[in-house]
Structure formats: structure tokens, C-alpha cells
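> What follows is a single structure, and I will ask about it in a moment.
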Amino acid sequence: MALVDIQNLRVQFHVGRDVVYALRGVSMQVERGTRTAIVGESGSGKTVTATSMLRLLPPTARITEGRILFQDTDLLALNENELRQIRGSQVCMVFQNASAALNPLYPVGQQIADVYRQHNGGSKREAWQRAVEVLAATGIPHPEDQARNYPFEYSGGMAQRAMIAMALVCSPQLLIADEPTTGLDVTIQVQVLDLIQEVVEKLNATLMLISHDIGLVSVICDRVIVMYAGTVMETGTASQVLEHPANPYTIRLLECFTGTDGEEMPFIPGRVPDLREQWQGCSFARRCPRAQDICWREAPTVRQVEPGHHSACHFS
């Protein structure tokens, strides 16, 4: 049974008189105990999918269709109080800009302690001690002192560790990490990634990693979901998708990452479709070298390429 089962999810953003169709019938499953990556270009719908799960979308967004099942509970059917019992305790999210995600008005330790008390109860003293413990577990030096500091006193790497500590404090079943190394130097990136893997292993949790970095995905994750223009293009194990891609978009995306020595940097010709438009065919048709008439007329269904490996392409 999948831990997360997203079915035909559609999300719109209303910007002035425009409607942006951000998600266009997204369906995906995240199996319990896996480390699943969601990859794709900027604007493909990766973060919108994750924030829809926790209903953290901005006021301009509307979920117009679909279901998001977490352990067979439809998160979209819950009221705010019911969702709050899941958000932060069973499902936690580490945002890409940790410094901005932390509240600048309160010490970091207090913010972690408040999350603990909200879901686990206990005294302020007990919650504070737990906050110090999880900060120490993430490798922050002098955790008792650092717990009293405010977010602006933390470096980018320390802020990211603090966000991971906040996720750790309630022992969640699902950890969502949205571009967790953005803006960090290479050394700190490695430390943060190692820490995320340690946390997931220690909690026996499921990881959903949102990233555009194929190299990062290949090291950490065992399953991959590829998105483009608000749709799912390909899913499978990391080896299936990254070593034997079936979808033309995935193939082009991997070519851009690997490159070729001595040649110009590869790129995908053409432009990403305007998400304010609606179309009948494949979202990648205008950039795809394999595109034929059917690709413009009819959206491809998701087909099994091999056991556990699926692609949304008429010719996969």
C-alpha cells in the first residue's frame, strides 16, 4: 500500500484576470519506506504538488479536482484542525529557503519546542529540552546557546539544520525536502544531504525529495518521478529512469545534465508552454523531436514500459 497516493490533482492560480493551470491531472504514488525524487525544470509543478499535500498553497491557488491520500486518508477532505494533527507530526516539510521559513520574531529553540508541544504536549521545560536535543542531533554546535538565538543569527547551513531539527522533533512518517541545498556552498550541501539521509534512516521514514539536480537524485533516491508543465511524464526506480529513460522529455533532461566535453552545453530547444493556455495533446509536443500528429491531438496515457517503469508518451 502506498503511503501517499495522489489522484488526478488539478491546481489553478488566479493572477489578476489570468488563470494559470499549474497542475493538470497529476497522479503519483510514494511507497512507504522509499526515497522518492520529484524532478523537472522550474515551473513543472514539483513544489505545488508538495504544498498541495499540506494545503500550504497561497490564497490565489485553488485545488479544483483530485484526491491526496495519506495512509488512505484524503487530506483534501480534512478541516484545518484535522489537518494540523497530521501536518508537522506525521508529515513534515523542509523548505528550500530555511532562513525565510523560520519566524524571525522568536528564538529557534522556542519554535522547535512549540512544534513539539503542539503535537506531543508536555511542559515548556520538557519541550525546550527536546528542542536542544534535536538541534544537537543535527550537528549544531553548542545547541543550548544556539537554541536561544534568532534565525538571523544563523548561517544558511545552520538554518537548514534547524529546519531539519524541527522535522525530527515529532518523528514524522514522511519528510518532504524541497530543494534543501539551494543557496548553500558545496561543503555545506554535502553535510545537509548526509543529515537528511541520517534522519530518514533513524526515523525509518519515507523521503520525498524535490530537486532539479539529477546528480543529487542519483545518489540519494531509489525512485524517481519526472514532471513537466504540470504533468507526470515518467516514473520508476532510479536506475530505470536515470539509466534507461523511456520518455523523450526525460532523455533530453538527462542530456542537459550529463553534457559532453568539448561541445556546447546541451539544452532542450523551444520554450516551456504557457501555463495559462490549455491544450489537448502532449505538453512536450512542441519541443519533442519524436512528435507526430497524434501528439498534438491527444494527451498520452501513462503506459508501462517494464514492471514498475511507466511513461506518458504515445511511442514509449
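> Looking at the range 5-43, which of the residues that are small (Gly, Ala, Ser) and touching a residue at least 12 places away in the same chain (Cβ under 8 Å) is surrounded by the fewest Cβ atoms within 10 Å (Cβ to Cβ)?
Looking at the filtered set, the residue picked out is SER42.
> Just to be sure before I move on: is LEU203 free of Cβ contacts under 8 Å to residues at least 40 places away in the same chain and under 20 Å from ILE86 (Cα atoms) in the structure I sent?
It is true that LEU203 is free of Cβ contacts under 8 Å to residues at least 40 places away in the same chain and under 20 Å from ILE86 (Cα atoms).
> Given the structure, is VAL186 over 27 Å from VAL11 (Cβ atoms), among the aliphatic types (A, V, I, L, M) and touching a Pro at 6+ places or on another chain (Cβ under 7 Å)?
So VAL186 does not fit the description; no.
> When only residues in the range 44-61 that are under 15 Å from LEU83 (Cα atoms) and among the hydrophobic types (A, V, I, L, M, F, W, C) count, which is surrounded by the most Cβ atoms within 10 Å (Cβ to Cβ)?
In this case the residue turns out to be MET53.
> Let me ask something else. So which of PRO180, PRO266 is farther than 26 Å from PHE13 by Cβ and not hydroxyl-bearing (Ser, Thr, Tyr)?
PRO266
> How many residues are crowded, with 22+ Cβ neighbours inside 10 Å and among the polar types (S, T, N, Q) when one looks only at the range 160-195?
Number satisfying all stated conditions: 2.
> Looking at the range 286-309, which of the residues that are out of contact with any Cys (no Cβ under 7 Å at 6 or more places or on another chain) and in a helix (DSSP H, G or I) is farthest from MET28 (Cα to Cα)?
Ranking the qualifying residues of the range 286-309, first place goes to ASP293.
> Right, another one. Six or more apart or on different chains, Cβ under 8 Å: which pairs go from a residue in the range 68-79 that's under 15 Å from ALA50 (Cβ atoms) to one that's in a loop (DSSP other than H, G, I, E, B)? Could you list them?
From the range 68-79, the pairs are PHE70/GLN90; LEU75/LEU54; LEU75/ARG55; LEU76/ARG55.
> Need the failing condition index for ASN149 against (1) over 27 Å from SER283 (Cβ atoms); (2) loosely packed, with under 15 Cβ neighbours inside 10 Å; (3) at pLDDT 90 or above, just the number.
Result: ASN149 passes all but (2).
The values are calculated or read from the model by the stated rules, or taken from the named source; none is laboratory data. What you see is a predicted model, and the numbers here were worked out from it, not measured in a lab. All Cβ positions, even for glycine, are placed from backbone atoms using ideal geometry, and neighbour counts span all protein chains on display.
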